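Engineer: To start, I am sharing the structure in question, which I have written as structure tokens.
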Amino acid sequence: MDKLQIEGGKRLFGEVNISGAKNAAVAILPASILADDGLCNIDNIPDIHDVKCLENIMVDMGIALTSERDGHVKINPNTIKTYSAHGENVRTMRASYYLLGALLGKYKKAEVAFPGGCSIGVRPIDQHIKGFEALGAKVTIEHGYIKAEAPNGLKGANIYLDVVSVGATINIMLAACKAEGITVIENAAREPHVVDVANFLNSMGANIKGAGTDVIKIVGVDKLRGCDYSVIPDQIEAGTYMVAAAITKGDVLIKNVIPKHLESMTAKLIEMGVNVEEYEDSVRVSCDKRPKAVNIKTLPYPGFPTDIQQPFTTLLSVSEGRSIVTESIWEGRFKHVDELKRMGANIKVEGKIAIIDGIERLSGAEVMATDLRAGAALVIAGLAAEGTTTVTHVRHIDRGYEKIEEKLRRLGASIIRITDNREYFE
Ligand code: EPU
């Protein structure tokens, strides 16, 4: 299992290109199954482990999928041989649940192993199931599989989500695209990746309106076709480099972004005294003094994203004063705090709240990436710490960050990957 070894204290300077959005790509790939004819040519697919996993699952199902050149994927879904997705890859990732919505939408039946994903709290799928059932499907969970069938077809329905859920919103859109009549999703998630999936489906011939608001209306169509599409940039990868620039007192131009998607993070950085300049498709982040403490509360979009909370916690751990971070989406998303404490951070966690008293400087230590964003938070800590930091369990980081050490090295960081083929006892 690989480790990242970082010599802290180098300021980051230069330019970094942001890859395609993980959470859009992992929904758009399964969404391509809905095409009745033609090929899906999708660009800006990030080169990350979660995407590779999903591609392998789809290939195992008989789908003709080729990763052609940098970030380009070509899919002919109509070579599919099974409506069942199983195996280790399905169980270890979260987004495999989108196969349910896509298969159900197209073939009116699906069987998918119960999904896994980062260990950041209880991750129920009751809202997905409620949506499928409202559309007329029978859903059962047996022997570790979720089975959904609608032998009499799917019919449009009004669905009110009890919690704002990205996954349920997207899954219901997938299932409803070809349902008979009109589906309305109320209290829908408004994340940029929800909008991106709706745009992709509309490019295939779907009729989806309102994505990006909390009411999405889907008028069912008979047929969908392949299309050419390019995935939006990853707002969380961009936010990660914004924090890395700030904590190292660097000056970095973060390219290939949609600045509007970064607004909540930009606003917090400015409140902390960090300089952020917005351009058409890039942002420049620079910092020449110790940032100030701020309070943060994670919320569904357009609120402050839970996925960037952990990297921000690292920045707050060396900011001046006391910050309060409230995590309101996931109950297990402070696992990085114990690791930051090994590096000297002064943070107290009480339930959903972390109270952070900023210290002058972290000190390098061996720390463990317990999940994807915890890993990113620890890499950022290592960049700013005095001495050497070794981040273990890097496979979590590889799930969602494309070539993280190469991108950071190009900005001047001293970071190397140590490949170790031995397995750890977890
Ligand atoms: N929830 C339910 N019932 C459901 C679904 C969700 O109660 O049926 C609750 C969850 O427990 C959570 C809240 O609703 O408290 C939001 O969950 P959501 O469904 O929005 O999360 P998700 O779709 O499982 C996606 C991202 C996560 C990101 C969340 C929130 C993907 C593959 N994952 O997860 O990304 O944290 O939305 O924005 O899109 C990450 O990238 O690091 C990551 C964990």
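Engineer: Over 20 Å intervals from 0, what percent of Cα-Cα pairs in the chain sits in each interval?
Structural biologist: 27, 56, 17, 0
Engineer: Please list, short to long, the whole-number percent of alpha-carbon pairs of the stretch 223-265 in consecutive 10 angstrom bins beginning at zero.
Structural biologist: Using 10 Å bins, I get a P(r) of 25, 41, 18, 11, 4, 0 for the stretch 223-265.
Engineer: How big is the C-alpha Rg of the stretch 1-89 next to the rule-of-thumb value 2.2 N^0.38 Å, as a ratio?
Structural biologist: My calculation over the Cα atoms of the stretch 1-89 gives 1.37.
Engineer: What percent does the relative contact order of the chain come to when contacts are Cα pairs within less than 8 Å and at least six residues apart?
Structural biologist: 22
Engineer: Sort the following peptides by mean Cβ neighbour count (other Cβ atoms within 10 Å, averaged over residues), highest first: 346-354, 294-302.
Structural biologist: The most tightly packed comes first, giving 294-302, 346-354.
Engineer: For the stretch 258-353, what is the percent of antiparallel DSSP beta bridges, rounded to the nearest 5?
Structural biologist: 60
Engineer: Roughly what % of DSSP beta bridges within the stretch 95-238 run antiparallel, to the nearest 5?
Structural biologist: The antiparallel proportion sits near 80 percent.
Engineer: Can you report the principal axis dimensions of the stretch 100-166 using only the alpha carbons, biggest first, rounded to whole angstrom?
Structural biologist: 37, 28, 17
Engineer: How big is the antiparallel share of DSSP beta bridges in the chain, given as a percent to the nearest 5?
Structural biologist: 70
Engineer: What shape does the stretch 290-352 have by the C-alpha gyration tensor, where a ≥ b ≥ c are the square roots of the eigenvalues, rounded means a/c under 1.5, and otherwise prolate means a/b greater than b/c and oblate the rest?
Structural biologist: oblate
Engineer: What does the C-alpha gyration tensor say about the overall shape of the stretch 149-292? Classify as rounded when a/c is under 1.5, otherwise prolate if a/b is larger than b/c, or oblate.
Structural biologist: Since a/c reaches 1.5 and a/b is larger than b/c, the shape of the stretch 149-292 is classed as prolate.
Engineer: Further question: Specify the inter-centroid distance of the stretch 283-353 and the stretch 35-114, based on alpha-carbon positions, in whole Å.
Structural biologist: First find each Cα centre; the distance between them is then 34 Å.
Engineer: Given the convex hull of the Cα atoms of the stretch 224-313, what is a quarter of its surface area in nm²?
Structural biologist: Its average projected convex-hull area is 6.8 nm².
Engineer: With each pseudo-label sitting 7 Å past Cα toward Cβ, what's the V184-E271 distance in nm, one decimal?
Structural biologist: Label-label distance for V184 and E271, simple model: 3.5 nm.
Engineer: Here's something else I'd like to know. Provide Rg over Rh for the stretch 139-228; use the alpha carbon set for both Rg and the Kirkwood Rh (inverse mean inverse pair distance).
Structural biologist: My calculation of the ratio gives 0.98.
A short reminder: the numbers here are calculations on the coordinates, not readings from a lab. Here the structure is a predicted model, which means the values were calculated and not measured. All Cβ positions, glycine included, derive from the backbone under ideal geometry; neighbour counts span all protein chains shown.
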